[in-house]
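Notes follow the structure.
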Amino acid sequence: MRRDLKNLKYVFGPRSVAVIGASEKPTKLGNVILKNFVDGKFAGKIYPVNPKHESLLGLKCYPSITKVPGKVDLAIFAVPAHAVPKIAAQCGRKGVRGAVVLSAGFGEVGNRKLEEELKKAVQKYNIAMIGPNCLGVMNPLKKVDSIFFPFYKFERPPPGDISFVTQSGGVGTCVADLASHYGIGISKFISYGNGASIDEADLIEYLSEDKETKQILLYIEGTRDGRKLMEAMMRANLKKPVIVLKAGRTEGASEAAKSHTGKLAGSYLAYQAAFRQSKVIEVEGLSELFHVVNAFSQPMPKGKRVAVLTNGGGLGVLTADSLEASGLELAKLSAKTKRAVVSTLPKGWTAGNPIDLIADATSEDYYKAVRALVDDEGVDSIIVIILFQAPALDSRVLNVLLGASDERRKPIFVVAVGGDYTEENRKVLDSHGIPTYDSPAYAASSLKRFTDYALSMRKTKKKG
């Protein structure tokens, strides 16, 4: 691994941070970033850098990076573009190991000469640089946060094992905000912008070796080196799932992408072929990206056979339709499972798949049915539909699902459609690693992608 890539550890887990361009004005990036580290209780040293101030937010302010007395692991740039290369060289001489350049005005606006000058400066000193023209990085576990959106507008997600690499800071923020809303943890958030010295392929390579990352999300508009990206995805995907959202599929969108980060989106067909060859999971939109992510918190299924459990018959039928349309199979339940389920049903009812427990099903009824499905060797995955509005149900049904999920025997997905009460229960499940969906179609689609990945990896391991 290149020396600058190894130095990414100082970007994600620095012991000291310098905010270059720190400001007293709340509307300035340098002020928001400084407040992030102070209010976020970053455990290391924080050095504001700005020759116009003697102190900021109770911290001594230094006129330049060269005047900071101690070692600096990470420098965050919030200064005009023309000043960045010179300051980057000063950082190199100071021994700074990592840099996040938020400043815009480089290749994305045609100023390639300035971007090349910056690239040479950081490469000379093996500085791991994220950017320029980016939103930067976030590591909730280490309290590292260069995202220049204030806390009250953008909820920060808790620590977790999902790392998100995004060419667009705006798209990344939306996904991270949703993750926070549902309590889904993030290991590392990386908005890399122009990727002048460290690009998306480099970041995937680094994260593939990162023990704190269990799955990698990638939002990409374009790349300078398609083969490098494909090979990085292929190697990473053998170790952990890589989920990709490609923007710039049409000609008009491709031009928009070029003006955004200075990279041409290129032929979407070529990207599709690369994704297939790499065996990564491609999703078609932000909603699907978010829906698929949480699926990987579950154990891998061994096959395509799915059992559906519901207390609302109509939703069960819709789920069965969606499963079969996606290419998954409705499992054939064993006689033992049917006997266990029938004991919970009104007299005269029979157990099929979907299993309809009817609207007056209790948490105990769900417990018996879920236990039977987990034990049934003919079932690979389980979709549980819950009408939380039903009067016979109480919060104990959450414990039923959490207990079964904690055993890590089979993946369990939940479909729950409704208002605020339903939403609050979904949040509880999502925050504990049980993926929930407000649509049978979304659940079926996510389970299909999850299952395809699992079966593909099983084939690859057998060949190996």
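The values are calculated or read from the model by the stated rules, or taken from the named source; none is laboratory data. These figures come from a predicted structure and were not determined experimentally. Using ideal geometry, Cβ is built from the backbone for each residue, glycine included, and neighbour counts are taken over all protein chains shown.
Could you please let me know if Glu282 is in contact with a helix residue (DSSP H, G or I) (Cβ under 6 Å, 6 or more places away or on another chain), surrounded by fewer than 21 Cβ atoms within 10 Å (Cβ to Cβ) and modelled with pLDDT of 80 or more?
So Glu282 passes the test.
Being surrounded by 16 or more Cβ atoms within 10 Å (Cβ to Cβ), farther than 24 Å from Leu447 by Cα and without any contact (Cβ under 8 Å) to a residue 24 or more places away in the chain is the filter here, so list the residues in region 339-364 that pass it.
Leu345
Looking at region 173-200 only, could you name the residues that are closer than 30 Å to Glu117 by Cα, buried (at least 24 other Cβ atoms within 10 Å of the Cβ) and free of Cβ contacts under 8 Å to residues at least 40 places away in the same chain?
The one that is closer than 30 Å to Glu117 by Cα, buried (at least 24 other Cβ atoms within 10 Å of the Cβ) and free of Cβ contacts under 8 Å to residues at least 40 places away in the same chain: Glu200.
Got a sec? Which of Lys71, Lys113 is free of Cβ contacts under 8 Å to residues at least 12 places away in the same chain, farther than 15 Å from Ala22 by Cα and not aromatic (Phe, Trp, Tyr)?
Only one candidate qualifies: Lys113.
Based on this model, can you work out whether Val379 counts as out of contact with any helix residue (DSSP H, G or I) (no Cβ under 6 Å at 6 or more places or on another chain), buried (at least 22 other Cβ atoms within 10 Å of the Cβ), among the β-branched types (Val, Ile, Thr) and under 19 Å from Ala307 (Cβ atoms)? Write out each step before concluding.
Working: out of contact with any helix residue (DSSP H, G or I) (no Cβ under 6 Å at 6 or more places or on another chain): no; buried (at least 22 other Cβ atoms within 10 Å of the Cβ): yes; among the β-branched types (Val, Ile, Thr): yes; under 19 Å from Ala307 (Cβ atoms): yes.
It is false that Val379 is out of contact with any helix residue (DSSP H, G or I) (no Cβ under 6 Å at 6 or more places or on another chain), buried (at least 22 other Cβ atoms within 10 Å of the Cβ), among the β-branched types (Val, Ile, Thr) and under 19 Å from Ala307 (Cβ atoms).
Is it true that some residue in region 400-409 is in contact (Cβ under 8 Å) with a residue 40 or more places away in the chain, in contact with a helix residue (DSSP H, G or I) (Cβ under 9 Å, 6 or more places away or on another chain), charged (D, E, K, R) and crowded, with 21+ Cβ neighbours inside 10 Å?
no
Name, by its number, the condition in (1) crowded, with 19+ Cβ neighbours inside 10 Å; (2) under 24 Å from Ala78 (Cα atoms); (3) more than 18 Å from the chain's Cα centre (by Cα); (4) not small (Gly, Ala, Ser) that does not hold for Thr223.
Exception for Thr223: condition (2).
Sort out which residues of region 317-338 are at pLDDT 95 or above, crowded, with 23+ Cβ neighbours inside 10 Å and not aliphatic (A, V, I, L, M), and write them in order of number.
The one that is at pLDDT 95 or above, crowded, with 23+ Cβ neighbours inside 10 Å and not aliphatic (A, V, I, L, M): Thr319.
Sort out which residues of region 343-376 are within 15 Å of Val308 (Cα to Cα), assigned to a helix (DSSP H, G or I) and of a type outside the set (Phe, Trp, Tyr), and write them in order of number.
Scanning region 343-376 gives Asp365, Lys368, Ala369, Val370, Arg371, Ala372, Leu373, Val374, Asp375.
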